[in-house]
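What follows is one structure encoded as structure tokens, with my remarks underneath.
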Amino acid sequence: MFEDMGKIFVKYWDLFLIEGLSATILLSLMTVVLGTVFGSLLALIKIGKLKPLKWLVNAVVEVIRGTPMLLQLYISTFLIPVLIPAMNELENKKLLCISFTLVLNSAAYVSEIIRSGIEAVDKGQTEAARSLGLNGTTTMTQIVLPQAVKNILPALGNEFITVIKETSLASTFFIGELMTQYHVIVGKTHNSLPILMIIGIIYFILNFVLSKALGFFERRMKARA
């Protein structure tokens, strides 16, 4: 088997690394960056005082967190083109639907990470800032968030690792990431197990390196605190 793995990797390394791995990393980066942006907005709404909007966001987040990612991907690829007919004319409509779903799913989890990070900051800090005459915005941006970031960043790193693994579900729709390349290479070699082993090793190395880098970054932050 190891001999087959070597031969297949040498022959199809470009599909594994240049196409599959690069697509996985780009899709994951886009998901985490946009998920963090929208997740931050959702978190601010969740801790805000606009109750109707707060209830709506909480309901959406709970639905997203309470249903399987694969189900969400299927629903979005069928529902979004129905709601937005113009998307049917786009060549990359599946990629757009899948990207939207991954971002929305990540935003739901990130909103909870950020909300928890903010609420973990001692309320006495907020009360002290208010007693000094600082308004809500200044208190949040200059007092609360700088302290909350220490709690938020490690969890965001873990979310990035989770997203990398979840992009494999997108292979159901053949958008080019690592597991899509599995189907492509199997069609050429008719030998599944070595290909799965190679992809498993790539995923492991990617996530292992990322987790170690995040651990190093987290230790540096604690050392500076």
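Things to note:
- Those residues of region 95-117 whose amide nitrogen sits under 19 Å from the label point placed on residue 69, 7 Å along Cα→Cβ: 95-114
- Length-normalised contact order of the chain in % [C-alpha pairs under 8 Å, at least 6 apart]: 31
- Given charges at beta-carbon only (K, R positive; D, E negative), |dipole| of region 2-224 in Debye: 720
- Summing Cβ point charges (Lys, Arg +1; Asp, Glu -1) relative to the Cα centre of region 78-125 gives a dipole of roughly 60 debye.
- Chymotrypsin sites (Phe, Trp or Tyr not before Pro) restricted to region 117-225 and DSSP loop, no more than 14 other C-beta within 10 Å: 174
- Within-14-Å neighbourhood charge of residue 57 [Cβ basis; K, R +1; D, E -1]: +4
- Of the trypsin sites (Lys or Arg not before Pro) found in region 46-98, those that fall in a DSSP loop while having at most 10 other beta-carbon atoms within 10 Å are 49.
- Projecting the Cα atoms of 111, 163, 90 onto the dipole axis of region 2-224, where Lys and Arg carry +1 and Asp and Glu carry -1 at the beta carbon, places 111 farthest toward the positive end.
- Once the C-beta distance of residue 11 and residue 223 is scaled by a Förster radius of 41 Å, the resulting FRET efficiency is 0.35 to the nearest 0.05.
- Local net charge near residue 144, Cβ-Cβ under 11 Å (Lys/Arg +1, Asp/Glu -1): -1
- Proximal charge balance of residue 115 [Cβ under 12 Å; K/R count +1, D/E count -1]: 0
- Put a plus charge on the Cβ of each Lys and Arg, a minus charge on the Cβ of each Asp and Glu, and nothing anywhere else: the dipole of region 1-103 about its Cα centre is then about 700 debye.
- C-alpha long axis of helix 145-166 to longest principal axis of the chain, angle in °: 20
- Degrees, to the nearest 10: 51-65 long Cα axis against longest axis of the chain: 30
- Considering helices alone, the calculated mean residue ellipticity of the chain at 222 nm is -26000 deg cm²/dmol, with DSSP H runs of length four and up weighted by -39500 (n - 2.57) and normalised per residue.
- Dipole of region 1-116, positive direction: furthest Cα of 27, 45, 76, with charges on the beta-carbon: 45
Bear in mind that the values in this text are calculations on the coordinates, not laboratory data. Treat the numbers as computed from the prediction; the structure is a model and nothing was measured. Cβ atoms come from the backbone with ideal geometry, glycine included; neighbour counts cover every protein chain shown.
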